[in-house]
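Data block below; observations after.
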Amino acid sequence: ADGLKAQWLSEKEAISGIQTLKAEIEATKLLIEQAERATDLQKAAELKYGKLRELEQKLKAAEAPLNTKSGGRLLKEEVDEEDIAEIISKWTGVPVTKLLEGEVQKLLRLEEHLHQRVIGQEEAIEVVSNGVRRARAGLKDPGRPIGSFLFLGPTGVGKTELAKALAEFLYDDEQAMVRIDMSEYQERHTVARLIGAPPGYIGHDEGGQLTEAVRRRAYSCVLFDEIEKAHADVFNVLLQVLDEGHLTDSRGRQVDFKNTVIIMTSNIGSQHILDYQLKSAVSGDDSYPQMREKVLEALREHFRPEFLNRIDETVVFHALKPEELKRIVDIQLAYLNRRLADRKMHLTATEGAEEWLAKTGYDPMYGARPLKRLIQKEIENPLSLHILQGDFMDGDTITVEAAPDGHGLTFRKGEKSMAELEGETEGEDEVEEKTEKATAAS
């Protein structure tokens, strides 16, 4: 606290001095102007090349400590657009970068950002990006949500990950996502929890799980996970959100959904997707349109037409292919390195280790989920033991390799593999042997 107070006083004194110098500079410029108008060129020259230059040098010297100050400044000489954006962000929940950066530039590179996190779902990313751009370009009803999407596909293929990536991109925060697990809304009486309990019932003052979350954070992605498990009455609530862009909670407050993206996920028709992948892998036959139609037919058998017709886009996700798992390995290891960054550690995996993880962690039925568990079991668990035992210290670079017998992984310090190190040793031995022969011959 004393340090902050001293910094505040120091910056206040410096800014006060800067303001005084700027006032003197303006006064001197006015005197120069008056002298020139009176044709007193000698006085104008003395002021311009003497006093004015001296004041400008003093101002430059006074500003230098503040401009080169390490760490955050407590005071500024004047309010700028960043300060205004930060205040508005606190009031509205709109991220600062969204206010400062042109939204057009953000939307133009939406696919590029989503591809960094979601692998093997090019069609889904394109459909979602186009839907968001249409809304932002003013080509759809402004009274409805930014976009509403139904994601279909087996578990572990990236449905929830795409929702998180979209929230991070649009609102600069992955946590700007309201996730509602629809398996908790299978009974008729649980529907009231979305908008809040009626007056006189327990929990009336708490508000609804959906309405309260969106009311507090109007700019967010709303994810309804496993929508097919919800009771039929839930869809009456969703119809109002999708059609009118608002919802009235149990306390009579109207909650605005116009700045939200509505995403629903479902596993309906997943078996058709898995069968298609198996068939295409064996025979090379690409029957995606037929597979998609089968999935949509299963969807139409489960949901009412008035609900499906209010959804902007229905997206069928592909099952992951073995070659795509390796790219997901890179993404998961990057997440792990972010956690290790606090200890200034860095983890690298050799080509063999990545291939072993991708091959061992591949399961077409469960997508990328087994891979995440495998990384936790084969890398995070043993790595934590190595760190606690003191094998790896802060600042170390850790290399993960496939075990020589092809079962499991090994850890060591440094970036080069054991094979590379052995190769270097053999090379040094050869050089030494040739040197000895040359010496003997001479």
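Some notes on this structure:
- None of ARG300, ARG373, ARG343, ARG339 is of a type outside the set (Val, Ile, Thr), in the same structural domain as ASP275 (by TED's automatic domain parsing) and more than 22 Å from ILE125 (Cβ to Cβ) except ARG300.
- Per the conditions (1) in the same structural domain as PRO382 (by TED's automatic domain parsing); (2) not in a helix (DSSP H, G or I), the sole criterion not satisfied by ILE311 is (1).
- Filtering region 412-421 for residues that are surrounded by 13 or more Cβ atoms within 10 Å (Cβ to Cβ), over 31 Å from the mean Cα position of the chain (by Cα), hydroxyl-bearing (Ser, Thr, Tyr) and at pLDDT below 90 leaves a non-empty set.
- Residue pairs meeting the criteria (Cβ under 9 Å; at least 6 apart or on separate chains; first farther than 14 Å from VAL157 by Cβ, in region 356-375; second at pLDDT below 90 and acidic (Asp, Glu)): ALA358/GLU323; ALA358/GLU324
- Single unsatisfied condition, PHE224 versus (1) within 29 Å of MET365 (Cα to Cα); (2) surrounded by 20 or more Cβ atoms within 10 Å (Cβ to Cβ); (3) modelled with pLDDT under 90: (3)
- Members of region 166-221 found to be of a type in the set (Phe, Trp, Tyr) and closer than 24 Å to LEU110 by Cβ, listed by number: PHE169, TYR171, TYR219
- Test: MET365 is in the same structural domain as TYR335 (by TED's automatic domain parsing), aliphatic (A, V, I, L, M) and modelled with pLDDT under 90: yes
- Qualifying residue in region 314-336 (condition: polar (S, T, N, Q), touching a Phe, Trp or Tyr at 6+ places or on another chain (Cβ under 9 Å) and touching a residue at least 12 places away in the same chain (Cβ under 8 Å)): yes
- Of all residues in region 133-143 being touching a helix residue (DSSP H, G or I) at 6+ places or on another chain (Cβ under 7 Å) and under 13 Å from LEU242 (Cα atoms), the one that is modelled with the lowest pLDDT: LYS140
- Yes/no for ARG338 being surrounded by fewer than 18 Cβ atoms within 10 Å (Cβ to Cβ), under 22 Å from the mean Cα position of the chain (by Cα) and in a helix (DSSP H, G or I): yes
- Filter result for the condition that a residue is modelled with pLDDT of 90 or more, surrounded by fewer than 16 Cβ atoms within 10 Å (Cβ to Cβ), within 29 Å of the chain's Cα centre (by Cα) and of a type in the set (Val, Ile, Thr), over THR360, THR350, THR397: THR397
- Hits in region 221-253 (condition: part of a helix (DSSP H, G or I) and of a type in the set (D, E, K, R)): GLU228, LYS229, ASP243, GLU244
The values are calculated or read from the model by the stated rules, or taken from the named source; none is laboratory data. Predicted model, so just to flag it, every value in this text is computed and none were measured. Please note: Cβ atoms are built from the backbone with ideal geometry, for glycine as well, and neighbour counts cover all protein chains shown.
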